[in-house]
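Engineer: The structure follows.
The values are calculated or read from the model by the stated rules, or taken from the named source; none is laboratory data. A quick note: this is a predicted structure, and the numbers were derived from the prediction, not measured. When we count neighbours, we look across all protein chains shown, and the Cβ atoms used for this are built from the backbone with ideal geometry, even at glycine. Please note that ligands, DNA and RNA were not included when accessible areas were found on the heavy atoms of the full protein model with its side chains. Shrake-Rupley method; radii C 1.70, N 1.55, O 1.52, S 1.80 Å.
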Amino acid sequence: MKNCGKCGSPASLVCGGCGDVVYCTTACQKSAWKSGHKKECKAYKIEINPEYGRHLVATRELKPGSRILCKLQPDVFGPPLINPNYGCCLNCHNAVNKSIICSTCKNIFCSQKCLQIFCNEIPEMCNFLAKLDKPNLRIISPLKFLCLEKSDKNTFGSLMKLESHADELQKSDRWKDLKENIIDPLVDITKEDPKKITKLVGILITNCHELLSQIKAGAGGKAPFSGLFELASLMNHDCIGNTRLVVDNDGNGTFKLSVYASVAISKGSPILFNYVKPLDRTINRQKNLMDFKFFKCTCSRCEDPTEMNTFNSAYLCPKCQVGPVVFKQQKWMCNDCQADFDPVKVKHIEDQISKAHEKLGKIQARFDLAQAKTLLKDFQSLLYPSNGFMLEILQALITCTAAAVNNPGPNKELQMQRDRIEWCSKILESLNVLEPGLSIGRGLYLI
């Protein structure tokens, strides 16, 4: 029994949203909701940690499927800073078939309406872009961010408090490219302080979420865009997160992000999201996190040589032919027969994987089922069956088989369907552990 959050009377009806307030009657609850509790009732709160900085924690016990953040619109949205798709409309981000070119900024749009929205409603953007010798989509997102300083000063100020890792960025291998192709052009057309632009670009690199439009970007899949969501960016990383992200895309350039608990989250526990792909091997995860987020992950998965017994980074033992080779006790060894494994062999295999990655992308682009099967055969003697790269090959096989099933040849369709289900099952074995609460949906997607 506590006091009603509206009238002060003894109460026992706990608010199902935040769990922190009680009411004596539903009438008081409805009244409190309308008078302000709606804005206060949240499943999360922001805390500050000396090591992690600002981050989200649960304000109540969250069941799997509980909604944490609901339909957030990006504070900044546009093409990614790296490899943007020049075949998309700058306003709605749909494919440009019959392009309409702005006479001022020279950028392309899918319709006169989109041109007017982008160039008339954000005139400073159009005027800045007109100063460039040629269109440069890599500066669009940071320029939109910068324009917020005049159009929405409060949002701009909040976003500028996000972590930028500006110092680390200037020491990175990507600094020369970023400076020459994004920062210098932005400084040149806006006359802003280079340090301010560098911080702004760093915030985008560190905190943006990748979004996919519904359009096809050629044979390579859907066109990527970047969205900066202030609240969602405060979720800390863990290679086995406790949330899932759902992005709604209406096809007209409007993206909304919702965050749900994928497993039970206890009150006071951090709300975590995996910044990298769940099936990435440890070496890839650590490299991507260091390159783009500037930290070394020490989560339970990264610290476990077996990766929660999924052996997602393991090689195949050449001695027993069945055991997974992992790095433990300061050396490479088979987890089953304990045989040592030559570190030189590890480097050789990693070099082969690096070369095969590029080949795998081309195979997927061409839907080349025969080459995908050949690649699988080439690595079956080197990698443990649940190795992340083996699972990537299986994903390619699923994609290529889906394309081939429309013209499979005599008596092959049933076998292809069986193969796809078998490959999906192998992937889901790892996802059940590495992406808890999401494997069923992912399996249906793969099939």
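Engineer: Counting only pairs 8 or more places apart or on different chains, how many lysine pairs in segment 1-69 have C-alpha atoms closer than 18 Å?
Structural biologist: The number of close lysine pairs in segment 1-69 is 12.
Engineer: Using R₀ = 22 Å, calculate the FRET efficiency as 1/(1 + (r/R₀)^6) where r is the Cβ-Cβ separation of ALA264 and GLU47; round to 0.05.
Structural biologist: With a Förster radius of 22 Å, E is 0.65.
Engineer: Percent of accessible area on segment 1-119 owned by carbon and sulfur, 1.4 Å probe?
Structural biologist: 50
Engineer: Once the whole set of protein chains is in place, how much accessible area is left on ARG54, using a 1.4 Å probe, in Å² to the nearest 10?
Structural biologist: 80
Engineer: Would you work out what percent of the accessible area of segment 138-211, with all protein chains in place, is carbon or sulfur (probe 1.4 Å)?
Structural biologist: 44
Engineer: Turning to a different aspect of this structure: Over segment 1-123, what relative contact order in percent results from Cα pairs under 8 Å that are six or more residues apart?
Structural biologist: Averaging sequence separation for qualifying contacts and normalising by length gives 12 percent for segment 1-123.
Engineer: Run the quick spin-label model on SER172 and ASN127: label points 7 Å from Cα toward the beta carbon, then report their separation in nm to one decimal.
Structural biologist: So the label points at SER172 and ASN127 sit 3.3 nm apart.
Engineer: Could you rank TYR23, TYR44, TYR275, TYR52 by how accessible they are, 1.4 Å probe, largest area first?
Structural biologist: If we order TYR23, TYR44, TYR275, TYR52 from most to least accessible, we get TYR52, TYR275, TYR44, TYR23.
Engineer: For the chain, what does the accessible surface come to per residue with a 1.4 Å probe? Please give it in Å².
Structural biologist: On a per-residue basis, 52 Å².
Engineer: For the pair ARG54 and LYS191, what calculated FRET efficiency results from E = 1/(1 + (r/R0)^6), where r is the Cβ-Cβ distance and R0 = 25 Å, to the nearest 0.05?
Structural biologist: Once the sixth-power term is evaluated, E becomes 0.20.
Engineer: Another question, then. Between LYS38 and ASP152, what's the calculated FRET efficiency when r is the beta-carbon distance and R0 is 22 Å? Round to 0.05.
Structural biologist: After rounding, the FRET efficiency stands at 0.50.
Engineer: Also, quick follow-up: When the chain is fully extended, how far beyond the present Cα-Cα distance does PHE367 get from ILE117, taking 0.36 nm per residue of separation?
Structural biologist: The span from PHE367 to ILE117 would gain 86.2 nm if fully extended.
Engineer: Shifting gears a bit: Could you give the dipole magnitude of the chain about its Cα centre, charging the beta-carbon of Lys and Arg +1 and that of Asp and Glu -1, in debye to the nearest 20?
Structural biologist: 920
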